[in-house]
1. I'd like the Kirkwood hydrodynamic radius of segment 98-159, using the inverse of the mean 1/r over distinct C-alpha pairs, in Å.
2. So if we plug the beta-carbon distance of residue 130 and residue 57 into 1/(1 + (r/R0)^6) with R0 = 30 Å, what FRET efficiency do we get, rounded to 0.05?
3. Which whole number in µm²/s is D for segment 44-184 by Stokes-Einstein, with the Kirkwood Rh taken over Cα pairs at 4 °C and 1.567 mPa s?
4. Based only on other Cβ atoms within 10 Å, what is the fewest-to-most ordering of 83, 123, 184?
5. Quick one: go through segment 129-161 and flag any residue whose amide nitrogen is under 19 Å from the point 7 Å out along the Cα-to-Cβ line of residue 122.
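What follows draws every value from the coordinates through simple rules; no lab data is involved. This structure is a prediction, so every number in the text was calculated from the model and none was measured. Every residue, glycine among them, receives a Cβ derived from its backbone with ideal geometry; neighbour counts consider all protein chains shown.
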């Protein structure tokens, strides 16, 4: 089946699917299971089923928690975009950024700055993607518990492997990354 230009099958031309519009698209159908919430715990919006609430009771190494503050903690993302991908989470089960109080906001900001400094020191991160996805429609995988992403970046860190090889290259095990960051996190 021809997929481009005027040689497209009639049903493709009529539906507009695959119409040339100068956008290049990367199709990642395996992400649909994550988006649809497959393997998500039933009732995971409740405090008792929330993974961010649950891991606070675990030992730090088992939970991949890098550092704990009075009101927030830093944990490695189980589904990292890059090595060292951290999540800064309030201890309290709260969904929306507008619902965190001033002390939580300040500690969340402080932990974000510390995460950046530690990641630069231990991994030579050259830049960062930092942000929050508020609500499921905005891409929050766990919308019921606020978390801020701190993703370290390096020149050339995105390459052909995810597209061609269907492989995400993460050069270090999560437990090793956690240990390295936890040892470097200021007391």
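1. Averaging 1/r across every pair of different Cα atoms and inverting gives 13.1 Å.
2. Using R0 = 30 Å, I get an efficiency of 0.65.
3. Rounded, D is 83 µm²/s.
4. By the 10 Å Cβ count, ascending, the order reads 184, 123, 83.
5. 129-130, 148-154
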